[in-house]
Amino acid sequence: MSDLGQKYSGGGFSASREKTRQSNLELLRIVSMFLVLLIHYIPTRTTPSFETLHTDTLGTLFNMELRSIAKVCVNCFILISGYFGIKWRGRSICSLLFQVLFWVVAGYLIGTLTGIYEQGSLVFIKKQLVFWSSRWFLPAYLALYLVAPLINAFVEQCDEKRLWRYILVFYTVSTLYGYCMVSQEFNEGMSMISLMGLYLIGRYIGRFEKRWMQFNKYVDLSIYFGLGFLLVAINTVTLLCGIASSPYGYLNPVVIVQSVYLFLFFKKLDVGSSRVVNFIAASSFAAYLFQTHICIDGFYLDTCHWINDNCSAAFMVALGFIVAVFAAAVMVDRVRIWLFNIFEKTVQSLSLRNGRA
């Protein structure tokens, strides 16, 4: 959900970057977006509780592990943005806004033509405005986009020690004030200020090489899964003690460290330059815009509930359904890329004519 790569051919959330486009991090974009869809599926499963730990121990532990695996999704997207750096370019913001507007219309057409959504257009327009104002990520990311040049300037004039100290102070406040005291300003990690912290970590990793970044990639992956198991253990203990609050929050420092090491694993992964990966990654954000669309979201959740209630291998069927939703979004998004290319060429042509006049 971020400015992650070289200019795609009309790709959404595409920004320029000085580093060469890397399919390993494009693959992380895809994985992260898939985990977003998984996160939205998880609430349709049984919520872990003191009772379910006793009546369905393995199922409850599995549901906890799903949360542990998937909660890094947004964090990894922003780490990638920070690693490459968001740069203000007219084409990037136009591409982003074009993609959002395209999916507002495309989601409505898909919903109405398939019978998933049956309300009138005026009702849809009113609900759409309320809906997008309540979806936290896009407003928070746009706010981050606005302040990114200031963050970049600060990072560039910092040495390694100063930047590291600032990040430590930031996350001390974030953990105590945002996570422990549940400050409204941090909004449980679903806010621009929380994205700023992750962006700073990404910038730090992009500029410096420290010992904790230089483990073997499989050590990084082991840390990611190990911290996930730690979260499961913490959740198990808290439920047995009668504490219902979940440790799976974006501001939980364990989740943040877990996200960093998953990012480092993919950063070191050697997959070369894959046309297939780059093709899918260029439209990966479309899966979020499609699945969370007001005309589609209800159908997605209802289908997930139906799968859980009626299928014996429910999780595997749900994975297949999530893959299908992802694939459908990527294919429809090719229309958006084609339209954006036409729009861009038209604007360039008009600019040339005006220049000659």
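The values are calculated or read from the model by the stated rules, or taken from the named source; none is laboratory data. Predicted model only: the values in this text are computed from it and were never measured. Neighbour counts run over all protein chains shown; Cβ positions are idealised from the backbone, glycine included. When the accessible area is computed, the model is the full protein with side chains, heavy atoms only, and any ligands, DNA or RNA have been set aside. Shrake-Rupley method; radii C 1.70, N 1.55, O 1.52, S 1.80 Å.
With the convex hull of its Cα atoms as the shape, the range 240-279 has an orientation-averaged projected area of 4.9 nm². Note: relative contact order over the chain, using C-alpha pairs below 8 Å and six or more positions apart, is 30 percent.
One way to sum up the overall shape of the range 71-119 is the equivalent ellipsoid from its Cα gyration tensor, whose semi-axes run 31, 17, 5 Å, largest first. Taking other residues whose beta carbon is less than 14 angstrom from the beta carbon of Leu251, and scoring Lys, Arg as +1 and Asp, Glu as -1, yields -1.
For the range 205-357, the fraction of 1.4 Å probe accessible surface lying on carbon and sulfur atoms is 66 percent.
Can you give the accessible area per residue of the chain, in Å², using a 1.4 Å probe? On a per-residue basis, the chain sits at 47 Å². Centre-to-centre, using Cα atoms only, the range 98-118 and the range 26-81 are separated by 27 Å.
Kirkwood hydrodynamic radius, computed over distinct alpha-carbon pairs, for the chain: how many Å, to one decimal?
21.6 Å
Working from Cα pairs under 8 Å separated by at least six residues, relative contact order for the range 37-104 is 27 percent. Per-residue accessible area (protein heavy atoms, 1.4 Å probe) orders Lys345, Lys210, Lys71 as Lys345, Lys210, Lys71, starting from the largest. Scanning the chain for long hydrophobic helices, with DSSP H runs required to stretch 30 angstrom or more by C-alpha along their axis and to average at least 0.0 on the Kyte-Doolittle scale, returns 90-113, 217-240, 314-356. The GNM of the chain, with springs linking C-alpha atoms under 10 angstrom apart, assigns the highest mean-square fluctuation among Arg336, Arg162, Arg29 to Arg162.
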